[in-house]
Amino acid sequence: MKYELDKLDQFIEANLSIEKLFGWSNDEADLLANLLFIKEEKERIRHAMMIEVGDIEDDRIAQKYVRTHQIRLVYLANKVIAYKEVAMPKVGGFLAKPYSNLCDEVESSLEFLLGFIEKFFNQYFDKDAAITECHLRLIDSELTETLIRFNELSYNEENQPLCILVGTILKNRLAERLDPLTYRQAFYFRELINLVLRIPDNLQKELVYLNFNDPAFYKYCTNKIAFELQEKGGAQEKISYMQFCLKELKQLQTRTNFIYRLDCMNINQWLTDWLIEEIAFHEKTNQPVISMPPAAISRSIELDKLELNLSVGQLGLLASLFIENCMPNHPAHKKIATAIAKNFMTKKAGKGEDISWESLLGKFYKHDKVSKDIVVEILMRMVKRVRD
């Protein structure tokens with residue numbers, strides 16, 4: 001495989017680095033020659049890559065070739081920006097414009113080549129790689145402009161709070177910058193911006209389709225359903241309403257290969273799981289069974305257990321919450337899980353389940369923070385019902 005960026009790399013070092021500034025010429029012919037070189041080199045690289053990838057039969061080799069050039073182009077683009085930011089305050093007045101023009105032309109050519117690779121070699125392009133600083137600033141600018149326009153959007157009363165919520169999430173993401181923004185995320189942001197600005201009739205459904213799986217949006221959806229349930233009468237009416245919501249949700253698919261946060265579940269599946277859990281909770285009983293049989297009745301281990309109307313999964317999360325929040329410095333997690341398994345038993349849909357410490361620490365222990373918060377809410381609701 002031939003590396004095609006050597007000449008471009010050498011040109012940047014020879015003409016844009018801080019060390020070379022003092023040797024700069026103000027001759028217009030030199031500037032035009034440099035600009036022409038950049039344009040011709042851009043076309044040469046594009047043509048050479050098309051031929052090279054076309055000749056490679058092994059997809060793995062083709063992917064390595066494309067991604068090597070992608071990573072290097074991002075590196076060079078960021079280097080040009082860094083050079084420009086340091087150099088511009090030091091460049092003399094008559095050199096400022098030609099130096100800036102040359103930097104801009106190089107930046108534009110690098111972004112063009114990255115766009116070319118993404119479009120023509122999409123199957124090899126690394127969408128989870130960081131974007132260039134120039135691209136990031138463009139996204140930041142678009143998000144900032146969108147946030148300014150949020151107050152001007154004519155959303156109806158139902159969708160206005162959701163519009164504000166999306167704006168807040170975007171604003172926080174813009175301010176945090178905890179991780180580099182990837183090409184996948186940049187594309188998602190643009191789609192999200194376009195969605196909000198076109199003011200759809202049902203913003204919530206459109207966000208589900210776009211797989212906007214931010215925990216705050218998930219919370220908004222579940223709270224909205226919970227509020228509607230308060231208006232319903234008996235348990236059966238609530239169950240019917242949730243079944244209707246579940247049916248609608250299953251008919252609403254999410255956009256393929258689209259996701260806002262990689263560390264959270266698909267929003268459709270997330271909400272589906274919540275509804276299924278809520279329906280199961282209402283179908284079992286209105287009052288959870290929490291009772292400790294008197295020790296005098298039997299010394300059987302099973303009868304001495306505290307009976308909870310929880311699934312094994314919920315109890316597993318309860319165990320993990322206890323381990324992480326009550327005894328954060330305790331190393332013997334196995335002992336804690338074993339003790340919980342010995343002292344509790346669960347019922348799921350009326351059928352008893354055996355619990356082992358392996359299941360508590362294995363299958364059900366590793367959950368994200370949001371899932372744990374959900375279980376806390378369920379448990380607190382059950383405790384409140386018992387107290388009432």
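Odds and ends about this structure:
- Subset of region 33-48 [within 16 Å of residue 73 (Cα to Cα) and either touching an Asp or Glu at 6+ places or on another chain (Cβ under 6 Å) or outside any helix (DSSP H, G or I) (or both)]: 38, 45, 48
- Being of a type in the set (A, V, I, L, M), part of a helix (DSSP H, G or I), over 21 Å from residue 131 (Cβ atoms) and touching a residue at least 12 places away in the same chain (Cβ under 8 Å) is a property that holds for residue 216.
- Restricting the first member to region 42-68 and to residues that are surrounded by 12 or more Cβ atoms within 10 Å (Cβ to Cβ), and the second to residues that are among the acidic types (Asp, Glu), the beta-carbon pairs closer than 6 Å and six or more apart or on different chains are 45/4; 48/4; 67/126.
- In region 102-203, counting only helices (runs of 4 or more DSSP H) that sit wholly within it, the ones holding 3 or more residues that are polar (S, T, N, Q) span 133-149, 160-176.
- Residue 74, sole failed condition from (1) at pLDDT below 90; (2) in a helix (DSSP H, G or I); (3) of a type outside the set (Phe, Trp, Tyr): (1)
- The set of residues in region 156-182 being modelled with pLDDT under 85 and either over 20 Å from residue 144 (Cβ atoms) or in the same structural domain as residue 224 (by TED's automatic domain parsing) (or both) consists of 156, 157, 158, 159, 160, 161.
- Region 213-238, residues that are within 21 Å of residue 157 (Cβ to Cβ) and within 23 Å of the chain's Cα centre (by Cα): 216, 217, 219, 220, 221, 222, 223, 224
- Qualifying residue in region 191-199 (condition: under 15 Å from the mean Cα position of the chain (by Cα) and closer than 23 Å to residue 127 by Cα): yes
- Qualifying residue in region 119-130 (condition: touching a residue at least 12 places away in the same chain (Cβ under 8 Å) and farther than 22 Å from residue 49 by Cα): no
The values are calculated or read from the model by the stated rules, or taken from the named source; none is laboratory data. Just so you know, these numbers come straight off a predicted model, no measurement behind them. Heads up, the Cβs are rebuilt from the backbone with ideal geometry, glycines too, and the neighbour counts pull from every protein chain shown.
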